[in-house]
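The values are calculated or read from the model by the stated rules, or taken from the named source; none is laboratory data. Predicted model, so just to flag it, every value in this text is computed and none were measured. Here the Cβ positions follow ideal geometry from the backbone for every residue, glycine too, while neighbour counts run over all protein chains shown. The area values use the complete protein model at the heavy-atom level, side chains included, leaving out ligands, DNA and RNA. Shrake-Rupley method; radii C 1.70, N 1.55, O 1.52, S 1.80 Å.
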Amino acid sequence: MESLYLLIPLSILLAFVIGFIFWWTLRSGQMDDLEGPSWRILHDDDKSTQKTDSNEVEKQKNPD
């Protein structure tokens, strides 16, 4: 019974801390776009790697 005097206020405090952290993440925009990063990985731009590959081939042909 005596442990309840400690555990109930701690659980209420923990609930408020979790609620504050959740509110902060919503306000800071961390949960705005949950699917965007995963789609960006799948639609990687291959043009930039082709340019670097062709530049490397040209450097190997003309080593200045």
**Fill in**
Ranking Glu2, Glu35 from most to least accessible area with a 1.4 Å probe gives Glu2, Glu35
**Request:** Report the FRET efficiency, 1/(1 + (r/R0)^6), for Ile12 and Asp33, where r is their Cβ-Cβ distance and R0 is 30 Å, rounded to 0.05.
**Result:** 0.35
